[in-house]
Every structure is written in structure tokens, then in C-alpha cells.
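Heads up, the thing below is written out as C-alpha cells.
The values are calculated or read from the model by the stated rules, or taken from the named source; none is laboratory data. Since the structure is predicted, the reported quantities are computational estimates derived from the model, not experimental observations. Glycine also receives a Cβ, built like all others from the backbone with ideal geometry; neighbour counts cover every protein chain displayed.
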Amino acid sequence: MKKKIRNTIFLISFFALAIIAYSLVSSNNAKQYLEEERKKVENIILELERENGDNLLIQKKQIENQFVNLVYETETGRHISYFVNATNGNLLELEDIIKQEQINNFKEKVKELTTLKYPKFISDVLNSGTCTLAYEIRDTDLLIYFSDFQINPIPKENLTLQIDYNEIKDFVNFPVHLNEEYENENRYHYDSSKKTIALTFDDGPNGQKTKKLVELLNQNKMHATFFMVGNRMSSEKNTVLEVLKNGNEIGSHSYNHQNLTRLKKEELLEEENLTNQIYKDITGNDLKLLRPPYGNINSLMKENLNYVFINWNIDTEDWRYRNVDHIFNEVITKVKDGDIILMHDLYDTTIEAVEKLLPELYVNGYQVVTITELANLKGKNLEYGQVYRSIK
Ligand code: ZN
């Protein structure tokens, strides 16, 4: 009996030792295996670093134990990115870091935000699927760099899209930090640190020509101020509303385009009250800005008309030179931050010039906005009775 117990104890101890020995060997194997994998990942990264020896390293960042994100900029300004699987060194595709079933939603979101950020002549190309995209995984947002595009006129800045993780948290396959104060993107933002000018169109509203200008401004994320003649506004309510609905501004250009400096006080007041009443009947609001016909202003007007007077410092003389290149060059060769530019929504040559001009202004770093937006961006109050030719 005792012998049997001894045998049992012996057997149990034998198996226990065998298990311990086995687990020691296998944990060593596992360690060795992990070590080999780690080396493999390191080697792949070293190889990528060698390949990009002439390029500028923008980022090398490990995302948890999932992957390493590398971003490079070439001498010509192209951007390249890599995702290296952190456990086996395999190169990953975008599809591996975005949830498979959300990949289309992700791509749609990128298109939507690109369309919101850039004028149409740029976003159409960026969204066409013909560019190279590089991805930088940052703390609270994803930065996309666009390369290899053909856009005319050529943008001078890097084309990028910064997407807060709040916009794509359901689509990504890696853990993200969420910025809790973030509000979802739904509009274009003007930037007070950028060069900004105001385009102004006199003598309208003028039906399809005015509406075409509104469309061109929309496509380029720009606004303008339309100085309208009272007796034309009354027969073009739709045009007035269309101009305002798209973020533009309307000012008075008198009731019937008279030289206001020839009027008596009572005539002046009547002329402007009539124009304001027509505008108010259409929109429910009062006019605040006045561009007197021919830019003529006298002290009687300043003392009696409760308006901010807006003249200009660049005159395209588009009524005299019905020539697209002349109008285009007048603006492009003279334009500076804070300028107010005079045109008329009367001529096809003006519209064609504006179509060419807006993208060119954009790539030269100009924002084009209304008079009121220009004043706000420059931190200036528009004062009644004052005359402005530019707002710096
Ligand atoms: Zn005029």
C-alpha cells in the first residue's frame, strides 16, 4: 500500500517537473519568436528610412501596438506615407486602418470636407481619385496630404485636409483621442491672418448676369457686395434674394443713378428713403452701405444721409474696356490686402474676367469677401458718415 502511494507521488512529481520544463522551453521559444518579429519590424522601418534618405521625415509614430506611421516630404513637395504593422512588419494599406465596412463612408467624408474647404477648381481635382494621398495620424486629427495633381492655376500652398477624429471616429480602426469642444464642420471659414479684399459690383441687379456672378463666387468660396439701383431692385426681387441667400451683401447705389451732389437735402433724403423702402419690402432689412453714383460725395450727403459711404481704390473701368484681359490684369497687377475693387454686373466681359480672376486671386492667397466681412476680418468698425476706399 505504502509503495503504491510512493509510486503515485513519484508520478505526480514527474509530470509536474515535465510541465515546468516544457513551459520554460516554450516561453523561451515565445520570447525568441517575439524578438525575431521585433527585429523584422525594425528592419522594415530601417529599409523605408534608407529608401527615403533624401526626403524630410515629417512623422514617425507608433499607434498603440498596431502600426507605425511614417510620413515623408520629398524635395519637390510630394508627401508619402507608410503604415507598418507593429507585430509582423507587413506594410498596411488605408483599408487596414479603416474599418472595412466603413471604407466608403470614410472616403465620402474626405470628399465632403475637401469640397467644403477648397474652391471648386481645386476640390474637383482632389476628389477625382487621380491624386496621391498621404496620411499623418496625429493626436486629435488625421492630416491628409494631396500630391500629384494637375490644377490650373497652380496652387502655391500644400493642399491638405485636417480631419478631426470626431468626424471619423466610427470609421477608423485604431484608438483615437477626441477633442471634446469640437463642433462639426459645416461651413467655410475666412481667416483674419490672410490677405483679404472686397469685390463690388455696381448698377445691378441685372438678372442672369448677376446670378452668374453669384454662382462664380459660390464656386470659389467667395462673397461680394452688390451696390444696387433702387428702381431696378423693385422689378428683380428674386435676384436680390438670390444674392443675399448666398452670403453676399447689398448696398444702395441710389434710386435712379443720379449724381447725388447736385441734389438738395430734401431730394437726397427722398432718393435714399425710396431705395431703402424698396429693399426693406423685399428683405425686411435696412440698407447700411451707400456707393454714390460716380463716387461723388459732398458734405451735405455726409451730414444728412445715414449711411456708410463705400468708394474704391481699384477701378477696373470694365464699362470702358470691354476686354477680359484688361480687367483681369488691372486687378492682378495692382491688388493688395484690404483693397476695394469696382466692377459692374452689366457686361459679359466682366463676368468672363471674374471667372478667370477668382481662382487666380485664390492661388495668390487672397480671400474675397463682402465689405462688412472685410471690416470684421480687419477688426474695423464701419462708421456712418465716413468714406472708405479700402479697409486695412
Ligand atoms: Zn454706377
Test: N166 is away from the ligand (no atom under 16 Å from the Cβ) and in a helix (DSSP H, G or I): yes
Breaking point among (1) part of a strand (DSSP E or B); (2) closer than 30 Å to L346 by Cα, for L142: (2)
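To keep it simple, each residue is scored yes or no on (1) farther than 19 Å from I122 by Cα; (2) touching a strand residue (DSSP E or B) at 6+ places or on another chain (Cβ under 7 Å); (3) of a type in the set (V, I, T).
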residue	(1), (2), (3)
I332	yes, no, yes
I340	yes, yes, yes
T349	yes, no, yes
L357	no, no, no
N364	no, no, no
I371	yes, yes, yes
N381	yes, no, no
Y384	yes, yes, no
Those residues of the stretch 226-260 which are touching a Pro at 6+ places or on another chain (Cβ under 8 Å), assigned to a helix (DSSP H, G or I) and under 24 Å from L300 (Cβ atoms), in sequence order: L260
Residue pairs meeting the criteria (Cβ under 8 Å; at least 6 apart or on separate chains; first free of Cβ contacts under 8 Å to residues at least 40 places away in the same chain, in the stretch 287-310; second loosely packed, with under 14 Cβ neighbours inside 10 Å and polar (S, T, N, Q)): Y294/N259; N296/N259
Residue in the stretch 307-319 that is within 16 Å of the ligand (Cβ to nearest atom), farther than 26 Å from T350 by Cα and touching a helix residue (DSSP H, G or I) at 6+ places or on another chain (Cβ under 8 Å) present: yes
Yes/no for E383 being at pLDDT 95 or above and more than 17 Å from F227 (Cα to Cα): yes
Search result, residues across the stretch 41-64 that are exposed (fewer than 12 other Cβ atoms within 10 Å of the Cβ) and in contact (Cβ under 8 Å) with a residue 60 or more places away in the chain: E64
Residue pairs meeting the criteria (Cβ under 8 Å; at least 6 apart or on separate chains; first in contact (Cβ under 8 Å) with a residue 24 or more places away in the chain, in the stretch 115-136; second of a type in the set (K, R)): L116/R187; Y118/K221; P119/K221; T132/R78
Residues of the stretch 133-158 satisfying the condition of being under 17 Å from the mean Cα position of the chain (by Cα), among the charged types (D, E, K, R) and within 28 Å of E180 (Cβ to Cβ): D141
Only one of E181, E157, E112, E167 that is among the charged types (D, E, K, R) and crowded, with 17+ Cβ neighbours inside 10 Å: E167
